1. Among the residues of the range B:233-254, how many are in contact with a Gly (Cβ under 7 Å, 6 or more places away or on another chain) and either surrounded by fewer than 22 Cβ atoms within 10 Å (Cβ to Cβ) or not assigned by TED's automatic domain parsing to the domain that holds B:Leu163 (or both)?
2. Here is a list: B:Gly391, B:Gly404, B:Gly422. Which entry is open to solvent by less than 10 Å² (accessible area, probe 1.4 Å), more than 16 Å from the chain's Cα centre (by Cα) and farther than 23 Å from B:Phe466 by Cα?
3. What residue, of A:Leu71, A:Leu141, is within 9 Å of chain B (Cβ to nearest Cβ), open to solvent by 10 Å² or more (accessible area, probe 1.4 Å), under 30 Å from A:Lys15 (Cβ atoms) and of a type in the set (A, V, I, L, M)?
4. Based on this model, can you work out whether A:Arg115 counts as outside the structural domain of A:Tyr56 (by TED's automatic domain parsing), touching a Gly at 6+ places or on another chain (Cβ under 6 Å) and of a type in the set (D, E, K, R)?
5. Tell me the residue from A:Asp167, A:Asp114, A:Asp163 that is surrounded by fewer than 22 Cβ atoms within 10 Å (Cβ to Cβ) and in a loop (DSSP other than H, G, I, E, B), please.
6. Could you list all residues from the range B:1-38 that are touching a strand residue (DSSP E or B) at 6+ places or on another chain (Cβ under 9 Å) and either part of a helix (DSSP H, G or I) or within 14 Å of another protein chain (Cβ to nearest Cβ) (or both)?
7. What strands (runs of 3 or more DSSP E), lying completely within the range B:372-457, carry at least 1 residues that are more than 14 Å from chain A (Cβ to nearest Cβ) and touching a strand residue (DSSP E or B) at 6+ places or on another chain (Cβ under 9 Å)?
8. Which of the residues belonging to the range A:117-133 are of a type in the set (Gly, Ala, Ser) and either open to solvent by less than 40 Å² (accessible area, probe 1.4 Å) or on the phi < 0 side of the Ramachandran plot (or both)?
Amino acid sequence: MQQQKGDWHMALSIKPEHPDITEQMWVDIDQIIADHRNTPGAVITVLRMSQDVVGYLPLEMIDYISYGLNLPRSSVYGVASFYSLFSFVPKGRHVIKICMGTACYVKGIKEVMDRISYTFKVAEGETSEDRRFSLESVRCLGACGLAPVIVIGHDTLGDVKSDKIIDILENYQ
Amino acid sequence: MVKLSVDGLKKLQEKAAGELMKEGRTDLLICGGTGCHATGSIKVIDVARNEVKARGLENTVKVVETGCNGFCALGPIMVVQPEGIFYEKIKPEDVPELIESQVLKKTPLERLLFKDPVTKKRIPRQDDIPFFHNQLPRALRNKGIINPESIDDYIARDGYKGLAKALTEMTPEDIIEQMKISGLRGRGGAGFPTGIKWGFARQSPGDVKYVLCNADEGDPGAFMDRSILEADPHAVVEGMVIAAKAIDSHRGYVYCRTEYPLAVKRLGLAIKDAREHGLLGKDILGSGFDFDVEIYQGAGAFVCGEETALMRSIEGKRGMPRPRPPFPAHKGLWEKPTILNNVETFANVSQIMIKGGTWYASVGTETSKGTKVFAISGDVNNIGLVEVPMGTPLRELIYDVGGGIPRKRKFKAVQLGGPSGGCIPEEHLDTPVDFEEIAKVGAIMGSGGVIVMDDHTCMVDMARFFMDFIQDESCGKCTPCREGTRRLQELLVKICDGRGEPEDIQKMEELSYVIKESSLCGLGQTGPNPVLSTLRYFRNEYEAHIYEKKCPAKRCVNLLDFEVNPELCTMCGLCFKACPVDAVAWKKKEVAVIDKEICIKCMTCFDKCKFGAIF
């Protein structure tokens, strides 16, 4: 295991056990904390990067980060719960982000959302039971020229129509 | 990399200028903005590069990935220079034919040229297309022309020249004076004069001061900051260094939305390159002035566009606003004097330094000088980013630049200023874009999102949409905003669901005024604007929802019957074919019938029916 700068992690040599966080993920998280622990105001950055590693923010990890950054757990949790980027629950294999900007709304994104929700039985902000899709509404993606826009994983799709979207989603198993 | 001096910069400029748009060479400028990436421009660029190589044209043809061209709806876009030919919607398989025709035979490939939505004619040259023709690019002067990832390209187009002048020939007072003369007002929405803001921060005592750039473009339907960062990131960096010199700051942050990964990447690269060239960091251009910038990524909170909330967020706290005074010019980030300007504001600064404040003020209106970038979207033919002089009438923006309303539908309203703005109806379309004039008709200039709505848009539903947004994004610190917006939203949902009562309109008006007057920050103070402006101009729609339980625009599903009008039905069967749950019964030469037991009210049949037969 790579050794980090400073000795803060010594007090936490026993990692909390969590089914979704592997040994390697803890190593990555340790590195993220070590890189940022002396930067004031870095908690949002640390949470964002850690979420990228694990996929979401389990409470055990928030506790761990608060020790690492030497901040009260309440304030780290307060930050994590304030910003919409952070999620405390696991996501599906494919995250569908529905742009809820005005241009997309005017051009019928609501019907697209309703159709996905109806077909895959997944409510907005939730994950389908088989963990195939997570359906999220996001703030304007700034791609209004392509409205209505959705993002599936890393694919940005423009000009989506409610009668075509299900066929497109069949490509994401 | 050797750090540049002022002379070195000049030499590099001359050399780079010869390289950019080299004589005798054809440049294929392919848009690499977020919009065009999504429609497949990365592939087109790859194919074009390979094609050029395969044909042995490397010395005479250069393929450049530019930033956002602005005409996002037509992507992927290619502009061929020096001829200035504009191609739209290019597919990778079109590239060989295009190069054959355009580069080798010097004849534009007709079928990929821009087709005017009004006249249906093909227009070869970019400058002749009405969308571009009516623009005056200043903040966007480099968009679609340079490679945003090349500092040489930027320097070739007089990049960092304004900085060199500001650092070596001007005192901080001169800089602020020029900014005041220019009349440049904050482009983020509030429109506070930039020069005056810098002046306050300059006078504010303190060793440590901060320059912040607000790239937390939260307004839905606004994407000018994204485009500037993707197409010309150095302009923002340069503007920030000049601002730093003016207020004597040595540290800056760009607070950028995490939803804009490409902008973050290109800005990061620009900062790195600028540092390596001695244009950021210690002893900039050998002038002895130090300044450095860092990107801070937001985490998805609309309220962080508010200045005090943004500063709290950089400090790593919940992004909640605080009362002012003290103003950030006295106590901002970490309680130090701070200025915060928008991306577009900074992008204008360098030009003002080079050409002077008087030049900038030479266009515009009495109180709003210069140009403004607008993002036009919604129900309009030409969707994209435009920069026009202040004072341009909205009608010109929508009909000349925007090319009017598609599908022969009727214009209903234009929404300006995002969730803080308002909807402007047809009768006020001759209002010029000007901070004061727009405010008079019940909207705000805002950051520049212009969303056009046709007669299929329900204004009550729009008000509900914005109230959902505001209510969701309210940080919860002050009661009027937290509780008031929720009550407003509940009233709007009630009306849209057909449960509206006559007294609801008055209740909403009263509540709106209370929220506006008593909220802590701009979010709450402007949040009820969409409700008030729709009540002002479209009260009849509210009344139809409440008294007749009808949605005139046929958008509110709970007020629709989902029945077919036999008189209007042409028995075409489109609704039958489109229905995802087989709720429509139809046979040839028979009127369709919708089974309401099966119907899921998905609106597909409404969209498909061209005759308005379903109600």
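The values are calculated or read from the model by the stated rules, or taken from the named source; none is laboratory data. Since the structure is predicted, the reported quantities are computational estimates derived from the model, not experimental observations. So basically every Cβ, Gly included, is an ideal-geometry build from the backbone, and we count neighbours across all protein chains shown. Surface areas here come from the heavy atoms of the whole protein model, side chains and all, with no ligands, DNA or RNA. Shrake-Rupley method; radii C 1.70, N 1.55, O 1.52, S 1.80 Å.
1. Kept after step one, since they are in contact with a Gly (Cβ under 7 Å, 6 or more places away or on another chain), are these residues of the range B:233-254: B:234, B:238, B:240, B:242, B:244.
Of the ones still in play, those that are also either surrounded by fewer than 22 Cβ atoms within 10 Å (Cβ to Cβ) or not assigned by TED's automatic domain parsing to the domain that holds B:Leu163 (or both) are none.
So the answer is 0.
2. After applying the criteria, what remains is B:Gly404.
3. Numbers: A:Leu141 fails: under 30 Å from A:Lys15 (Cβ atoms).
The conditions single out A:Leu71.
4. no
5. A:Asp163
6. Taking the range B:1-38 first, the residues touching a strand residue (DSSP E or B) at 6+ places or on another chain (Cβ under 9 Å) are B:3, B:20-22, B:25-38.
B:Cys31, B:Gly32, B:Gly33, B:Thr34, B:Gly35, B:Cys36, B:His37, B:Ala38 - these are the residues of the range B:1-38 that are touching a strand residue (DSSP E or B) at 6+ places or on another chain (Cβ under 9 Å) and either part of a helix (DSSP H, G or I) or within 14 Å of another protein chain (Cβ to nearest Cβ) (or both).
7. B:384-389, B:422-425
8. Answer for the range A:117-133, where residues must be of a type in the set (Gly, Ala, Ser) and either open to solvent by less than 40 Å² (accessible area, probe 1.4 Å) or on the phi < 0 side of the Ramachandran plot (or both): A:Ser117, A:Ala123, A:Ser128.
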